[in-house]
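Below: one structure in structure tokens.
Every number here is computed from the coordinates shown, using simple stated rules; none is lab data. This one's a predicted model, so the numbers in the text were calculated from it and none came from an experiment. No Cβ is skipped: glycine too gets one built from the backbone with ideal geometry, and neighbour counts run over all protein chains shown.
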Amino acid sequence: MKLLEEKILAEGHALDENILKVDSFINHKVDPQLMKEIGKEFAEHFKNQGITKVITIESSGIAPALTTAIEMNIPLVILKKQPSQVLNQDLYHTEVASFTKGTSYELTLSMHQIDENDHVLIIDDFLANGEAATGALRLIRKAHATIAGIGVLIEKAFQPGRSKLEEQMIPVYSLARISKLGKDLIEFVSEHQE
Ligand code: G4P
Ligand code: NA
Ligand code: NA
């Protein structure tokens, strides 16, 4: 998606070979007009597949997942990293390792929000090692729902997330695919490499 690539080049900063900082339009401040266009793009790509719900992981996935859900006119379900201390009944749980942070966390889904009649689309901001997405897939399978695919804003194509998901036959659609990061360097996967 040209608009997102231009925004990344204008405002993104590669901290090192691994991490792209996008705090001014995705992770800290959010660009609502960009999120609106992203929602339209995902809705167009995943249309006519009988998708019943959009699923995301808190917190940075929520903005683009919401605009996608609005465009598709379906509900959004948010997977939680810190389940409510008072409303912790009837949850599916799974443990997710974060490579970037070197820690792990518990991801949860309420048993009441998704069931075997759902066909879901996962939306998230980054695809890196695919651990978060794989954790989301485990929760969706526990709920016996089916999976239409995964849409991400930024794929770090030099990390193994995509291949982990494609091994499980999950279609992956990324709006910007980064092939290389370095000090003051951001390179996208070029058309002929795709
Ligand atoms: P993985 O799920 O693909 O295996 O990724 P990993 O555990 O390494 O990612 C942990 C967190 O770091 C995730 O956010 C992910 O979106 C984010 N992340 C991964 N690579 C980058 C990057 O290059 N730049 C930025 N800005 N973020 C990256 P999170 O901890 O779940 O937080 P939230 O922002 O969604 O609240
Ligand atoms: Na995220
Ligand atoms: Na993040």
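Quick one: length gained pulling residue 36 to residue 180 fully straight, 0.36 nm per residue minus the C-alpha distance?
On the way: separation 144, 0.36 × 144 = 51.84 nm, distance 2.71 nm.
Answer, rounded to one decimal: 49.1 nm.
Using DSSP to call loops (not H, G, I, E or B), can you name the GluC sites (Glu not before Pro) in region 85-192 whose Cβ has at most 14 other Cβ atoms within 10 angstrom?
Working: sites: 95, 106, 116, 131, 155, 166, 167, 187, 191; in loops: 116.
For GluC sites (Glu not before Pro) across region 85-192 that sit outside H, G, I, E and B with at most 14 neighbouring Cβ atoms in 10 Å, the list reads 116.
Still on this model: Using the alpha carbons of region 28-74, what is the convex hull volume per residue in cubic angstrom, as a whole number? Intermediate values should be presented prior to the final figure.
Values: hull volume 2.8 nm³, N = 47.
In region 28-74, the Cα convex hull volume per residue is 59 Å³.
With respect to the cross-link table entries 47/80; 53/142; 80/101, which display a Cα-Cα separation exceeding 24 Å?
Details: 47/80 26 Å; 53/142 16 Å; 80/101 17 Å.
In this structure, 47/80 lie more than 24 Å apart at Cα.
Quick one: grab Rg to one decimal and Dmax as a whole number for the chain, Cα atoms only, in Å.
Rg, Dmax (Cα atoms, Å): 16.1, 52.
Among 112, 13, 93, which one shows the highest mean-square fluctuation when the chain is modelled as a Gaussian network with alpha-carbon springs under 10 Å?
Answer for the Gaussian network model of the chain: 112.
I want the antiparallel fraction of DSSP beta bridges within region 2-193, as a percent rounded to 5. Present the calculation step by step, with values, prior to reporting the outcome.
On the way: 15 of 36 bridges.
In region 2-193, approximately 40 percent of DSSP beta bridges are antiparallel ones.
Under a crude label model (7 Å from the Cα following the beta-carbon direction), how far is residue 81 from residue 13 in nanometres?
About 2.1 nm separates the two model spin labels.
Calculate, in nm to one decimal, what residue 141 and residue 44 gain on full extension: separation in residues at 0.36 nm each, minus their alpha carbon distance. Don't jump to the answer; show the numbers that get you there.
Details: separation 97, 0.36 × 97 = 34.92 nm, distance 2.51 nm.
Between residue 141 and residue 44, full extension yields 32.4 nm more.
Please give the length that would be gained between residue 166 and residue 1 if that part of the chain were fully extended, namely 0.36 nm times their separation in residues minus their C-alpha to C-alpha distance (nm, one decimal).
Details: separation 165, 0.36 × 165 = 59.40 nm, distance 2.09 nm.
Full extension of this stretch gives 57.3 nm more.
I would also like to ask the following. Below 8 Å between Cα atoms, with a sequence gap of 6+, how large is the relative contact order for the chain in percent? Don't skip to the answer; put the middle values down first.
Working: 366 pairs, mean separation 38.8, N = 194.
In percent, rounded to a whole number, it is 20.
Right, something else. How far apart, in nm, are two points set 7 Å out from the Cα along the Cα-to-Cβ line at residue 191 and at residue 24?
Distance between label points: 2.9 nm.
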